[in-house]
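The values are calculated or read from the model by the stated rules, or taken from the named source; none is laboratory data. Being a predicted model, the structure only gives us computed values, none of them experimental. A quick note on method: Cβ atoms are made from the backbone with ideal geometry, for glycine too, and the neighbour counts reach across all protein chains shown. Each accessible area value is taken on the protein alone, full model and side chains, heavy atoms only, with ligands, DNA and RNA left out. Shrake-Rupley method; radii C 1.70, N 1.55, O 1.52, S 1.80 Å.
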Amino acid sequence: MTRAQNASNPAKLTPHLGLKHRNTFGLDAVAELAYEIHSPEQIPAVMSEIAEQKLAWRVLGGGSNVILPSALPGATLLIDILGQEILSSDEEAAYLSVGAGVPWHELVAWTLENNMPGLENLALIPGTVGAAPIQNIGAYGVEIGEYIDRIEAFDVKDHAFVTLPKEACRFAYRDSYFKQNPGRFIVTKVVFKLPKAWQARIDYADLAKQFPANANASPGPEDIFLAVCKIRTHKLPDPKVIGNAGSFFQNPVIPNEQYETLLKSYADLVSYPDLPGKRKLAAGWLIDQCGFKGQRMGAVGVYENQALVLVNHGGGTAEDILGLAKCIRDKVHDKFGVTLQIEPNFF
Ligand SMILES: Cc1cc2nc3c(=O)[nH]c(=O)nc-3n(C[C@H](O)[C@H](O)[C@H](O)COP(=O)(O)OP(=O)(O)OC[C@H]3O[C@@H](n4cnc5c(N)ncnc54)[C@H](O)[C@@H]3O)c2cc1C
């Protein structure tokens, strides 16, 4: 018997577990050894076992930002740590501690029900709370890093639990210290700070359209939550209906000079302000201009209503998706001289 099984309250180990229903692309994938992690205390024994047996390993949350190969050798840790509690609440802010396995959207709805607004622009993003800081999830002008106070994690390198304050997490556009150090941290809990002073954030064009400036009342958090859910439901394919991982490419950030040059050839180029001297281009627009929207390549394709989303029509593989992604990247690079980065993680 191994150490992980010997420990009290050991992680449940299932050999050859199918993960088709735990990845939103709906890819057929089998984990050689799947460990269900329900509490942080189970992690050290599992990691010791992995180290002793020199196994390959990876962490899986809800599987909404991954491209899984058909076989996942070694260990796959399924993070199912639940639970949330209000640590403190005063006139300034509420502090919430939330387990890494809590479904993200459920947390957003729960905070609103409990009169703690702030996360409403991030409604309906699939996945778990523990994965949210990895790529600093963002939507409609808000990024989660703004609302994180600290992160509790298991540091695999030092075989110890650590707490990283927000400053140490180095949040940036779809980026964080965790993403820059793959395979080092297993997030177990996220502590959020939700300020009591709340302001509607509806500058983002799609969202602004939902709230005409001449309306009598300004929108509250619940109105924004409902508006975001409505826009997303209309714009993005439901993974339960057609496999996908949301935006497949990051919006590329380019120097202003390159942007000005492109603008001379493409007057309708869609872009957003970014850091000084930089401009963020809409990757979906670039892909659409290359004629990919709605196109199919075997079992996979580009979503008909949103060129930024690649879909699995059924029976597609990781190779199919990466093959299509390569065609898109090559064509966008040839036409615009811009390199697209893939957003989902490939194990
Ligand atoms: C329809 C759709 C819409 C989407 N919209 C958005 C959007 O608007 N904005 C946005 O930012 N993203 C969006 N996404 C992407 C995705 O929802 C997020 O990236 C989400 O945070 C992934 O969570 P997950 O639990 O599914 O992570 P997974 O896909 O399971 O994992 C993603 C990565 O995080 C790592 N990871 C997961 N859990 C942990 C943990 N506890 N500790 C350490 N590493 C971990 C994994 O190893 C992997 O590298 C969308 C996806 C879909 C399918």
SASA check, residue 230, accessible area w/ 1.4 Å probe, all protein chains in place, rounded to nearest 10 Å², comes out at 130 Å²
The correct ranking of 16, 105, 38 by accessible area at 1.4 Å, largest first, is 16, 38, 105
Magnitude of the Cβ-charge dipole (Lys and Arg +1, Asp and Glu -1) of the chain about the Cα centre, nearest 20 debye, reported as 800 debye
For the chain, averaging the sequence separation of alpha carbon pairs under 8 Å that lie six or more residues apart and dividing by its residue count, the contact order in percent is 16 percent
Note, the range 25-33: 3J(HN,Hα) by Karplus (6.51, -1.76, 1.60, θ = phi - 60°), whole Hz, Gly/Pro = x, goes 6, x, 7, 6, 9, 10, 8, 4, 9
Sorted by chain and number, the residues with a modelled amide H under 5 Å from that of residue 279, at a separation of 5 or more or across chains, are 254, 256
In Å², rounded to a whole number, the accessible area per residue of the chain with probe 1.4 Å is 48 Å²
GNM of the chain, Cα pairs under 10 angstrom: of 82, 96, 55, the biggest fluctuation goes to 55
Descending packing, highest mean Cβ count within 10 Å first, for 142-149, 199-206 is 142-149, 199-206
Checked the chain against the a/c 1.5 cut and the a/b vs b/c comparison, axes a ≥ b ≥ c from its Cα gyration tensor; verdict oblate
With all protein chains present, the chain has a carbon and sulfur share of its accessible area (1.4 Å probe) in percent of 52 percent
Amide H contacts under 5 Å for residue 243, restricted to residues at least 5 apart in sequence or on another chain and with H modeled in the peptide plane, are 312
Shape call for the range 19-78, from the Cα gyration tensor axes a ≥ b ≥ c (a/c under 1.5 means rounded, otherwise prolate when a/b beats b/c, else oblate), comes out oblate
Expected vector for the range 168-185, Karplus 3J(HN,Hα) from phi with 6.51, -1.76, 1.60 and θ = phi - 60°, integer Hz, x for Gly and Pro, equals 6, 7, 6, 5, 8, 4, 6, 8, 6, 4, 5, 5, 6, 10, x, x, 9, 10
Between residue 146 and residue 339, Cβ-based FRET efficiency (R0 30 Å, step 0.05) works out to 0.60
SASA check, residue 241, accessible area w/ 1.4 Å probe, all protein chains in place, rounded to nearest 10 Å², comes out at 120 Å²
Using a 1.4 Å probe on heavy atoms of the protein chains only, the accessible area for residue 116 in Å², nearest 10, reads 10 Å²
Calculated from DSSP helices alone, with each H run of at least 4 adding -39500 (n - 2.57) and the total divided by the residues of the chain, [θ]222 nm to the nearest 500 comes to -7000 deg cm²/dmol
Among 315, 62, 118, the residue with the largest mean-square fluctuation in a Gaussian network model of the chain built from Cα contacts under 10 Å is 315
